[in-house]
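Report on the following structure.
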Amino acid sequence: MMTATSSVQREPAKINVEGSDFAGFWQPPSLALSSYTWVSQGTANVGFLKFRMWTDLFNGVISKVRVTHTGTGLDSDITQVRMYLDTDAGGNPDLGDGIFNFSVDRQVASGAFPIGETRSAMLNVTSPSGVNGTITPSTHTYYLAFDVGPAANQNLVHGMVVTQSDIIPLP
């Protein structure tokens with residue numbers, strides 16, 4: 001008696017995500033780089049969300065991240081949404097310092113909220129199968145930042161949400 005054969009296929013990597021809030025992370029004139037409850041109009045690269053990603057065993061690749069805009073502020077107040085990979089000055093994500101610094105960390109995606117107050121922006125990772133989007137068993141840290149427009153409405157608040165299902169792997 002004999003059975004047919006079946007090949008074993010590698011299962012897709014499970015990408016783990018752990019996020020933390022550091023909204024309003026920027027450096028106002030004459031003040032320290034830190035999180036503040038306010039942001040000046042026209043400020044670029046204001047950190048809002050820090051998230052760490054890793055896999056349990058195999059490498060995975062993320063291609064897109066969906067960002068949901070929260071708060072009372074308008075989508076049109078935000079001119080750009082940016083995603084950075086924490087790296088050292090040489091671009092190595094294994095040596096990132098865990099502190100958002102847009103002049104050192106590598107920008108790996110950017111996008112904008114579509115016209116019409118959709119409250120959702122899709123960021124496409126540049127070169128996802130390279131270092132920008134490859135997720136390994138070693139934890140890598142990413143940051144999401146807003147550019148606040150020069151004509152942003154005053155006294156409205158902005159935030160963002162990214163859930164596990166908003167991290168979209170490369171098909």
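Count Lys and Arg as plus one, Asp and Glu as minus one, and take only other residues whose Cβ is under 11 Å from that of residue 52; the net charge is then -1. Remark on residue 160: its backbone amide H falls under 5 Å from those of 70, a criterion applied only to residues 5 or more positions apart or on other chains, H modelled at 1.01 Å from N.
Under a Gaussian network description of the chain, with springs only between Cα atoms under 10 Å, the residue in 99, 115, 15 that fluctuates furthest is 115. With Cβ to Cβ distances under 15 Å as the rule, what net charge do the other residues near residue 73 carry (K, R +1; D, E -1)? Value of the local net charge: -3. Using the 1.4 Å probe convention, the accessible area of the chain works out to 55 Å² per residue with neighbouring protein chains retained.
Each of 90, 67, 53 was scored by the projection of its Cα onto the charge dipole of segment 46-163, and the greatest displacement toward the positive side belongs to 67; charges sit on the C-beta of Lys, Arg, Asp and Glu. For the chain, a Gaussian network of Cα nodes joined below 10 Å ranks 151, 32, 89 by mean-square fluctuation, and the top entry is 32. Computed over the chain with a Gaussian network model linking Cα atoms closer than 10 Å, the most mobile of 85, 156, 123 is 156. Between the alpha-carbon centres of segment 1-55 and segment 66-141 there is a gap of 8 Å. Express the carbon and sulfur contribution to the solvent-accessible surface of segment 34-171 as a percent, rounded to the nearest whole number, probe 1.4 angstrom. Using a 1.4 Å probe with all protein chains present, segment 34-171 comes out at 54 percent carbon and sulfur.
The values are calculated or read from the model by the stated rules, or taken from the named source; none is laboratory data. As the structure is a computational prediction, the values presented were derived from the model and not from experiment. Virtual Cβ from ideal backbone geometry, glycine too; neighbours counted across all protein chains shown. These accessible areas exclude ligands, DNA and RNA; they are computed on the full protein's heavy atoms, side chains included. Shrake-Rupley method; radii C 1.70, N 1.55, O 1.52, S 1.80 Å.
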